[in-house]
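Step one of this worksheet: look at the structure below.
The values are calculated or read from the model by the stated rules, or taken from the named source; none is laboratory data. Model, not experiment: these values are computed from the prediction. Heads up, the Cβs are rebuilt from the backbone with ideal geometry, glycines too, and the neighbour counts pull from every protein chain shown.
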Amino acid sequence: MVERILIIDDEPAISGTLDPVLSSQGYEVRTEKNGADGLAAAQEQAFDVVLLDLGLPDVDGKELIGQLRALNDMAILILSARHQETEKVAALDEGADDFINKPFGIDELLARIRVALRRLAGEQKRTNEFRSRDLVIAYDRREVRLMGDEIKLSPKEFDLLECLARKAGQVVTHRRLLLAGWKDPAVDGQYLRSYIGLLRQKLEEDPAEPRLILTESGVGYRLTTTPAEK
Amino acid sequence: MRNIRQSPVGAALRRAGPVYGSIVLFLLSTAGSAAFRHFDRPVSSALIYVLGVTVIGAIAGLRWGLAAALAASLIFNFFLVDPVLQFTANSADEFVPLIAFNLCAIVSGLLAGRLNDRARIAERAQARLNILLVVSDRLQKVVLLPDLVMAMNGDDIRPWLGHFELYDKDSQPSGMPSDGARFASLAGTHFDGPTARSEPHRANLYRLQQSSGTIGTAIFGEPEDRAGSHLVDMDAMIALLSMTVERCLLLQQLSQTEAVRRSEELKTALLSSLSHDMRTPLSAIAASASSLLSLSGDLDPAVRTKLLQTIQEQCERLDRYTANLLDLGRLQAGIDANQLIDVDVVETLGAVLRSTRALSSSHAISKQIESPSAVIRANPVMVEQIFRNLLDNAIRYSPEGSTIALKLSETEDQVRVEVIDQGCGVPKDDLPRLFDRFYRSSRTSQQEGHGLGLSISKGFVEAFGGAIEINSPHAGGLGTQVIVQLPLSPRNEAVIHG
């Protein structure tokens, strides 16, 4: 099945470049210049991935996210400037799956699209296991193995790691992690920082320079997915 | 400060004192005179009366002195000089006391009166001067119009002058008294002459003028101390106010001019920076891209790759530059202290290190982190930017293959981060100017860069209450050490509850 990508960006230079490149990678690409046309296109035909620019001329990108989400299962990736961390958080809390800072390299974008597509497929399969090169998590048995060795986690540490792993490769906002760990988004962020610190001490080779649980400043955390070697 | 106020009872006593004193004195001298007369000492009897009248003239002034003299001469003539109980003016004994008493009273009264008047004038002048002194003392320190309004409504001025409001020449209020504006409706009132009175508001309006024309309107309400308010020299007061208002206006103009000048300077620097730092990478990109397009058939694969790499590198350079410009804009706009959140510097450094290592493998970065976490109040993205800029600089200005050291340590209430490179260092003359926007050391001006990074780092560090310093050469005449110190958040402790 050919995966469909919808690009909603008012900048012709961006969509003009992405269209041929993504097409060459085997995706079916459609580009729209504003929110209204973008929404109409998504209603007309189902897309797997939407690349959405937050600074559209006609609508607030955040409103569009809710409307797109209501249509069908799709991954929404936000294209945004580095500085707009509050905008990003709002869009992610609104239901976007991930963001990518402009300007981006094509490798980075392709990787994000692959992660998003994999997750879309995984969700449909309701997997109960996470597997990357070094890390294996069995959700049902609440068991974590790092390079084969079992790692003991407290219940809260496991909840947080599961929340990150279920969105592996994509950013998870502070809010979502607080909900997963404490069932309350208003809990002091200090707790979350401390628990992420504990997780890193147990999982990272060098907790001061983490490679598994990455910090997205002002937004949240991201669990890296180096695909498991087959 | 002399106390220029007095209780009303005291004032009445002082006013009434001479009168009662005179009456008592008069009665005493009458009694004394009668006593001496009784003992048949007519000369002493007359002299006592003279003394009494003279003293009364001296303390109570000419009018009372004369009255006393007249009464004394009548009483003396009627009761004390033979024939008793009868007015006579036949002998010298009867004439002379009459004339003497009155002359004495006139002379002493005139002298005393003149003295008294002088003293009273001096006292009034002193009181007027005192109020003016208080006001000028307060106004001297004022540089802003709202402060002027506050000062004039202070407890040491307001009782004498009344509630004070100030309006500029467009009838807009300049500052607000702490108990609110009462005369806003009067502000636009047109009046001829220097002053006007509004009966319904019980207020006086004064036009404040300087050489340049009208600069505002001062409005005074009714003073609490109405008796004391007569002591105020309003002309001098208004002159003083006008001067102060003009000074405030001039200072305001000056700071605006200064701001405009600085923003012009910044614009000029920005333009010259744009022309260099934007156009250089653009030229490289244009040259590479056009070569690839026109000559693609003639280029061998290695050259093509090189050209493509150039395009990518120059794009990254442009990205860094625009990011810096954006940061500069954020700094110009000001950083709201209410938007700051807890940020872990150790965690942030981890993220910066990871991305810096990914971008540049030409330098080794050694790190020495002496604390599991160091939480400060800041903006997380800006903290990242601070250290990204410092590491970028260290990489750019030190030879390939050399080591850059990154150290983090904590004192009681500060986190200290050091970035030390083994580069050529900074010439001594350039050190003080390193943090200037768009400044590039003479030694580095040929290299890529735009001198924005350090000034932005400094701006961010200071916005979070910290400090940044540069030591160069650092050790053995080589390298540069940058030290950033940031105040720890009061909640910098691990909170773990199961």
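Kindly check whether there is at least one residue in region B:241-250 that is touching a strand residue (DSSP E or B) at 6+ places or on another chain (Cβ under 9 Å), closer than 24 Å to B:LEU133 by Cβ, small (Gly, Ala, Ser) and not assigned by TED's automatic domain parsing to the domain that holds B:ASP156. The answer is yes, given that some residue of region B:241-250 is touching a strand residue (DSSP E or B) at 6+ places or on another chain (Cβ under 9 Å), closer than 24 Å to B:LEU133 by Cβ, small (Gly, Ala, Ser) and not assigned by TED's automatic domain parsing to the domain that holds B:ASP156.
The single condition among (1) touching a residue at least 24 places away in the same chain (Cβ under 8 Å); (2) more than 14 Å from chain A (Cβ to nearest Cβ) that B:LEU307 does not satisfy is (1). Screening B:VAL84, B:VAL149, B:VAL96, B:VAL135 for residues that are on the phi < 0 side of the Ramachandran plot and in contact (Cβ under 8 Å) with a residue 40 or more places away in the chain leaves exactly one candidate, B:VAL135.
Every residue, every condition in (1) assigned by TED's automatic domain parsing to the domain that holds A:GLU143; (2) among the small types (Gly, Ala, Ser); (3) assigned to a loop (DSSP other than H, G, I, E, B); (4) at pLDDT 95 or above, yes or no:
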| site | (1), (2), (3), (4) |
| --- | --- |
| A:LEU161 | yes, no, no, yes |
| A:GLY181 | yes, yes, no, no |
| A:VAL187 | yes, no, yes, no |
| A:LEU198 | yes, no, no, no |
| A:GLN201 | yes, no, no, no |
| A:PRO207 | yes, no, yes, no |
| A:ARG211 | yes, no, yes, no |
| A:GLY218 | yes, yes, yes, no |
| A:LYS230 | no, no, yes, no |
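If you scan region B:465-492, which residues turn out to be at pLDDT below 75 and surrounded by 12 or more Cβ atoms within 10 Å (Cβ to Cβ)? Hit for region B:465-492 is B:ASN492, nothing else. Screening B:GLY334 on (1) exposed (fewer than 15 other Cβ atoms within 10 Å of the Cβ); (2) within 14 Å of another protein chain (Cβ to nearest Cβ); (3) within 30 Å of B:ARG416 (Cα to Cα) shows it passes everything except condition (2). For region A:40-65, a tally of residues being over 21 Å from the mean Cα position of the chain (by Cα) and under 25 Å from A:MET1 (Cα atoms) returns 5. Filtered by the rule that a residue be away from every other protein chain (no Cβ under 14 Å) and either within 21 Å of A:LEU135 (Cα to Cα) or in contact with a Lys or Arg (Cβ under 9 Å, 6 or more places away or on another chain) (or both), region A:178-204 gives A:ALA180, A:PRO185.
Here is a yes/no grid of residues against (1) crowded, with 19+ Cβ neighbours inside 10 Å; (2) under 60 Å from the mean Cα position of the chain (by Cα); (3) not assigned by TED's automatic domain parsing to the domain that holds B:GLY109:
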position	(1), (2), (3)
B:VAL19	no, yes, no
B:PHE26	yes, no, no
B:ALA34	no, no, no
B:ILE48	yes, no, no
B:LEU62	yes, yes, no
B:ALA69	yes, no, no
B:PHE78	no, no, no
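With respect to being more than 25 Å from the chain's Cα centre (by Cα) and in a strand (DSSP E or B), B:LEU231 falls outside the description. When B:ALA358 is tested against (1) part of a helix (DSSP H, G or I); (2) more than 7 Å from chain A (Cβ to nearest Cβ); (3) closer than 23 Å to B:GLU412 by Cα, exactly one condition is not met: (3). Pairs meeting the criteria (first residue in region A:162-187 and of a type in the set (Ser, Thr, Tyr), second residue modelled with pLDDT of 90 or more and assigned to a loop (DSSP other than H, G, I, E, B), beta carbons under 8 Å, at least 6 apart or on different chains) are A:THR173/A:VAL219.
Of the residues that sit in region B:395-436 and are of a type in the set (A, V, I, L, M) and at pLDDT below 85, which one is surrounded by the most Cβ atoms within 10 Å (Cβ to Cβ)? Only one residue fits best here, namely B:VAL426. Considering only residues of region A:74-94 that are charged (D, E, K, R) and part of a helix (DSSP H, G or I), which is farthest from the other protein chains (Cβ to nearest Cβ)? Here the residue is A:GLU94. Taken residue by residue, region B:340-356 has at least one member that is of a type in the set (S, T, N, Q), touching a residue at least 24 places away in the same chain (Cβ under 8 Å) and crowded, with 18+ Cβ neighbours inside 10 Å.
When you scan region B:316-324, do you find a residue that is touching a helix residue (DSSP H, G or I) at 6+ places or on another chain (Cβ under 7 Å), within 11 Å of chain A (Cβ to nearest Cβ) and surrounded by 13 or more Cβ atoms within 10 Å (Cβ to Cβ), even just one?
yes
Selection over region B:342-355 of residues that are out of contact with any Ser or Thr (no Cβ under 6 Å at 6 or more places or on another chain) and either in a helix (DSSP H, G or I) or at the interface with another protein chain (Cβ under 7 Å from one of its Cβ atoms) (or both) gives a count of 8.
Among the conditions (1) in a strand (DSSP E or B); (2) of a type in the set (Ser, Thr, Tyr); (3) more than 14 Å from chain B (Cβ to nearest Cβ), the only one that A:THR127 does not satisfy is (1). Within region B:102-126, residues that are in contact (Cβ under 8 Å) with a residue 60 or more places away in the chain and more than 11 Å from B:GLY57 (Cβ to Cβ) have Cβ atoms under 8 Å from residues that are surrounded by 13 or more Cβ atoms within 10 Å (Cβ to Cβ) and among the hydrophobic types (A, V, I, L, M, F, W, C) in these pairs: B:ARG124/B:LEU231, counting only partners at least 6 apart in sequence or on another chain.
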